[in-house]
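Shown next, in structure tokens, is the structure this report addresses.
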Amino acid sequence: NGQDTTMKQKFGDGICIYCGAAAEPSDHVLARKFFLVERRGDLPQAPACKRCNNRKSQLENYLMIVLPFGAKNPDAAEILRKLVLPRLENKANAKLLRELQRGYALSGGTSIPFKHEPMEELFEMIAKALALQHFGVRLGEDYSATASLFSNEGEAFFEQMLAAGKAAGKYASGDLGEGNFTFEGAQAPQYPKLTVWRFNFYGGVDFGGDPDVNGP
């Protein structure tokens, strides 16, 4: 595959990439809501069923509000002002706003609470979509995707896997939203359905709980 410099707008065969059901709407691999309006061009789409699309939207709504508070990219302040604050003013997010305010107060004004499970679930879905787009691999019922935060010590493992993918011509990378979300992926030459992915959101996001854990 080599490094990808362009992103296809749509890909897939009409079967939900996440669960294997018949796809209805087409789903952006990463929702437009994460990016400023001027950064939303050429976002790839994958086939998704209504149920998975709705679940993914729930995860994205939470993460779109919380992650920008720890963002380090040039768009961070503008994303907070133009995208996050209006969402927090929406009555539908009133409960989340109270949770964030309560956590902020308990921390002494230094941090807000963060649930890692929605991010891991969303990244599992993104990995499935990117594996189909870049390597033509669809994970069936007998396969699974797993995502997690990793420590600095885990960086060496990903570097080794990505380097091996590059050497074998089984490597992909991309940039969505002009630096707001970047990714690298590698495919195991002998096991096509085994891929590894490294995602970077908003230039890396600071998690205050453990200084040795990298941002997503």
Semi-axes in Å, largest first, for segment 41-174 (Cα gyration tensor, √(5λ)) are 31, 20, 15
Using the structure shown, list the pairs from 56/95; 82/166; 72/95; 115/170 with a Cα-Cα distance above 30 Å, or answer none.
82/166; 115/170
Around residue 177: net Lys/Arg minus Asp/Glu count, Cβ-Cβ under 14 Å
-2
Using unit Cβ charges (K, R positive; D, E negative) and no other charged atoms, how large, in debye to the nearest 20, is the dipole of segment 44-161 about its Cα centre?
760
Cβ crowding within 10 Å averaged over residues, with 96-107, 15-26 ranked highest first:
15-26, 96-107
Any chance you could list P(r) for segment 9-95, counting all Cα-Cα pairs in 5 angstrom bins from zero, rounded to whole %?
3, 14, 21, 20, 16, 14, 9, 3
Net charge near residue 145: determine it from the other residues with C-beta under 11 Å of the C-beta of residue 145, scoring Lys and Arg +1 and Asp and Glu -1.
-1
So for R0 = 30 Å, FRET eff. of residue 111-residue 190 from the Cβ-Cβ r, to 0.05, ends up at 0.10
Once the Cβ-Cβ distance between residue 166 and residue 81 is put in as r, and R0 is 41 Å, what FRET efficiency do you end up with, to the nearest 0.05?
0.60
Could you work out the local net charge near residue 125, counting Lys and Arg as +1, Asp and Glu as -1, over the other residues with Cβ closer than 14 Å to its Cβ?
-1
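A short reminder: the numbers here are calculations on the coordinates, not readings from a lab. These figures come from a predicted structure and were not determined experimentally. FYI the Cβ positions are ideal-geometry reconstructions off the backbone, even for glycines, and counts take in every protein chain you see.
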